[in-house]
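Visitor: So that we are looking at the same thing, I have put the structure below in structure tokens.
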Amino acid sequence: MPLEGPARIVSELTSRGYNVEREAVTLLAGADDPDAALDRAVEAAPDDALKVTADHVRSVLGSAGTRDPIDVESGAKSRTPGSKTTPEGTESKRPSAETRESERSTEGAGSTGSDSATDSPEANPSVSSGTDARDSSDVGGGVPPETKGFGDGGSAARGTGSVGGDEDSGSVSATGRDTSRRSITIDNDVTGRSTGTGRYEDFVAVFRDRYERLSAKLRGRVNHRPASAIQSMSGGQDAGMIGMVDDVRSTASGHWLIDLEDTSGTFPCLIMKDRDFADAVDEILLDEVLAVEGTLSDDAGILFVDSLHFPDIPRTYSPSTADRHVEAALISDVHVGSQEFVAGAWHRFADWLHSDEASDVEYLLIAGDMVEGVGVYPDQDEELDIVDIYEQYEAFSEYLKEVPGDLDIVMVPGNHDAVRLAEPQPGFDEELRQIMTAHDARIASNPAFVTLEGVTFLLYHGVSLDEVIAELPEAKASYDEPHRAMYQLLKKRHVAPQFGGHMRMAPEERDYLVMEEIPDVFHTGHVHKLGYGKYHNVTAINSGCWQAQTAFQKSVNIDPDVGFAPIVALDTLDVTIRKFT
């Protein structure tokens, strides 16, 4: 297919692995035969070149011919032509146009097509909107609308590069997005800072750090005394304590006995079953930090609890917003390499990002599991489409090239990715980073705080959600409503409080899993279910997945929500759910 405009030229060069200068695009667009000029410019570029320059183009224009230049800003959007070879001449993993169209028409199980303009949560009973009456006080802004994504008809261009490839040098977005007002900061990133060796002293240090930082958030609520001081008090006296939960057990009478531990010792605290806060006991996890106040028994051996406090998010919390209308797309659990990766849905998502309807989307946040991985669960090899882990990442990078190149992308790893399982998980090593160079995506650790134009996102893959859902009553945490489990993590101000179960923790100098800062948006994945809502004005979103049900998921009764992309408006924090299956 001939190259008809600047946007197509940019996307074609990006598909071959090149950025391009603005002037080079103008010269190529003005050539008598843009296709031939582009091919020759690529040949003229040095083998190690990452960018096609105007000089490369000028060196070949004598043989390609020129015509009147076309303004790079006026190129019409159209579909990117499929590239069959990479710059080195090897076979490319990028799907051809014919393959992409075939994948669009053969979705995984549960595909509903694109025949309607909108879908409500009621039309998708497995999708949780987080707006039922039980949590009406914690949900703001009404029910986020859910709409179909960009359909098969009227596809838009994949203008997958920014001209010049460098925002700081005055590059211009081929899709017309204004990149000059963007800002991204990443905090709490353990990548390159991991010091833990797994020694006993390392574990003691990380738990002490957790206690100190979370107890500081509780000291204004109780008159705290160390366990050792309470042990020396007389019976009948009032006392308050902040401690880490060492044990929770029920008594023969149905009351609850909680052992709290601080840096000086342990003390037993009794919550009577008739207390109005007794229902909160079933939310308590081992190793979380909480505060109690009450009265000592006559023999001073037990503290009868009158009040119970979690670190929590203040109910009066007011989230930050951007000073302009701009949006972020949130996805997770892509699982490239699985036979059940729903490529057709991904193509529609990428097409939609190139449409006028998505012109306000300038950020893409990916919360882990970019690939399916190898050896993650029993008999996984029988469900793999790509069995080599490096080839999985190569394929993922090719799929990522389909989204607009002027998006700012931030990704964190998950439990299927090729990093350590223990959290915090550092970002990918240098070998994998060299593979995943598409669009210069930023790679951070899991978890990480990512601030976009003043709005702070907490990106966490979400392995601890399994633990929370297993330990808490279904009404408070379930796979069908994953955002409710996320509410519990916000309440505890820690993304993975319980140690020693499914969760693996790497002891570092400090506990990177503590939510010392309050996020404006909490984004997770892992459980392959879509759920969203607000907890004390913090938006909680679990973004579903891009993988149809596997045999393993069927065996454990997981019915995934596939092909959804929550879109967050940074100026209002309103959430719109786009559906691409």
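The values are calculated or read from the model by the stated rules, or taken from the named source; none is laboratory data. Being a predicted model, the structure only gives us computed values, none of them experimental. Positions of Cβ are generated from backbone atoms using ideal geometry, with glycine treated the same way; all protein chains shown enter the neighbour counts. Quick note on the areas: whole protein, heavy atoms, side chains included, nothing else; ligands and nucleic acids left out. Shrake-Rupley method; radii C 1.70, N 1.55, O 1.52, S 1.80 Å.
Visitor: Can you name the residue in the stretch 283-301 that is in contact with a Phe, Trp or Tyr (Cβ under 9 Å, 6 or more places away or on another chain) and not in a loop (DSSP other than H, G, I, E, B) and, of all such residues, is most open to solvent (accessible area, probe 1.4 Å)?
Guide: Taking the candidates together, the pick is 295.
Visitor: Something else now. Any residue in the stretch 370-394 that is on the phi > 0 side of the Ramachandran plot sitting within a Cβ distance under 8 Å of a residue that is not in a loop (DSSP other than H, G, I, E, B)? List the pairs, counting only those 6 or more apart or interchain.
Guide: Close Cβ pairs satisfying both conditions: 373/380; 373/389; 373/392; 375/381; 379/551; 379/552.
Visitor: Quick one: which residue in 534, 491, 529 is at pLDDT 95 or above and open to solvent by less than 30 Å² (accessible area, probe 1.4 Å)?
Guide: Only one candidate qualifies: 529.
Visitor: Also, I was wondering about something else. Run residue 391 past the list (1) outside any loop (DSSP other than H, G, I, E, B); (2) surrounded by 21 or more Cβ atoms within 10 Å (Cβ to Cβ) and report the number of the one that doesn't hold.
Guide: Only one criterion in (1) outside any loop (DSSP other than H, G, I, E, B); (2) surrounded by 21 or more Cβ atoms within 10 Å (Cβ to Cβ) is unmet by residue 391, namely (2).
Visitor: From 219, 213, 249, 208, which residue is open to solvent by 70 Å² or more (accessible area, probe 1.4 Å) and assigned to a helix (DSSP H, G or I)?
Guide: 208
Visitor: Taking the condition within 19 Å of residue 371 (Cα to Cα) and outside any loop (DSSP other than H, G, I, E, B), does residue 461 pass?
Guide: no
Visitor: Of the numbered conditions (1) part of a loop (DSSP other than H, G, I, E, B); (2) within 22 Å of residue 18 (Cα to Cα); (3) at pLDDT 95 or above, residue 406 fails exactly one; give the number of that condition.
Guide: (3)
Visitor: In the list 332, 359, 355, which residue meets the criterion of being within 18 Å of residue 393 (Cα to Cα) and among the hydroxyl-bearing types (Ser, Thr, Tyr)?
Guide: Step by step, each of 332, 359, 355 is checked, and only 332 is within 18 Å of residue 393 (Cα to Cα) and among the hydroxyl-bearing types (Ser, Thr, Tyr).
Visitor: Looking only at the stretch 364-416, which residues are acidic (Asp, Glu) and under 30 Å from residue 451 (Cα atoms)?
Guide: 369, 372, 394, 398, 402, 406, 408
Visitor: Across the stretch 282-299, what is the total count of residues that are under 26 Å from the mean Cα position of the chain (by Cα) and small (Gly, Ala, Ser)?
Guide: Selection size over the stretch 282-299: 0.
Visitor: Could you list, in sequence order, the residues of the stretch 465-487 that are crowded, with 23+ Cβ neighbours inside 10 Å and either among the aromatic types (Phe, Trp, Tyr) or outside any helix (DSSP H, G or I) (or both)?
Guide: Residues satisfying the conditions are 477, 481, 487.
Visitor: Provide a single number: the residues in the stretch 397-430 that are more than 16 Å from the chain's Cα centre (by Cα) and touching a residue at least 40 places away in the same chain (Cβ under 8 Å).
Guide: Adding up the residues that qualify gives 13.
Visitor: Give the stretch 302-322 a look and list any residue that's among the β-branched types (Val, Ile, Thr), open to solvent by less than 40 Å² (accessible area, probe 1.4 Å) and not in a strand (DSSP E or B), or say none.
Guide: Result: 313, single match.
Visitor: Which count do you get for residues in the stretch 409-457 that are assigned to a strand (DSSP E or B) and of a type outside the set (Phe, Trp, Tyr)? I'd like the intermediate steps shown before the answer.
Guide: Residues of the stretch 409-457 assigned to a strand (DSSP E or B): 409-412, 423, 425, 442-443, 446, 448-452, 455-457.
Next, only the ones that are of a type outside the set (Phe, Trp, Tyr) stay: 409-412, 423, 425, 442-443, 446, 448, 450-452, 455-456.
The total comes to 15.
Visitor: For residue 360, work out the one condition from (1) farther than 14 Å from residue 334 by Cα; (2) in contact with a helix residue (DSSP H, G or I) (Cβ under 7 Å, 6 or more places away or on another chain) it doesn't fulfil.
Guide: The failed condition is (2).
Visitor: For the stretch 36-60, give me the residue count where each residue is touching a residue at least 24 places away in the same chain (Cβ under 8 Å), within 15 Å of residue 8 (Cβ to Cβ) and surrounded by fewer than 17 Cβ atoms within 10 Å (Cβ to Cβ).
Guide: Selection size over the stretch 36-60: 1.
Visitor: Restricting attention to the stretch 538-548, does a residue exist that is at pLDDT below 95, of a type outside the set (A, V, I, L, M) and either more than 20 Å from residue 329 (Cα to Cα) or in contact with a Lys or Arg (Cβ under 8 Å, 6 or more places away or on another chain) (or both)?
Guide: Within the stretch 538-548, none of the residues are at pLDDT below 95, of a type outside the set (A, V, I, L, M) and either more than 20 Å from residue 329 (Cα to Cα) or in contact with a Lys or Arg (Cβ under 8 Å, 6 or more places away or on another chain) (or both).
Visitor: Quick check, is residue 526 in contact (Cβ under 8 Å) with a residue 40 or more places away in the chain and either farther than 27 Å from residue 560 by Cα or not hydrophobic (A, V, I, L, M, F, W, C) (or both)?
Guide: It is true that residue 526 is in contact (Cβ under 8 Å) with a residue 40 or more places away in the chain and either farther than 27 Å from residue 560 by Cα or not hydrophobic (A, V, I, L, M, F, W, C) (or both).
Visitor: Sort out which residues of the stretch 323-341 are open to solvent by 10 Å² or more (accessible area, probe 1.4 Å) and touching a Ser or Thr at 6+ places or on another chain (Cβ under 9 Å), and write them in order of number.
Guide: Restricting attention to the stretch 323-341, the residues satisfying the condition of being open to solvent by 10 Å² or more (accessible area, probe 1.4 Å) are 323-325, 327, 339-341.
Of everything in the stretch 323-341, those that are open to solvent by 10 Å² or more (accessible area, probe 1.4 Å) and touching a Ser or Thr at 6+ places or on another chain (Cβ under 9 Å) turn out to be 325, 327, 339, 340.
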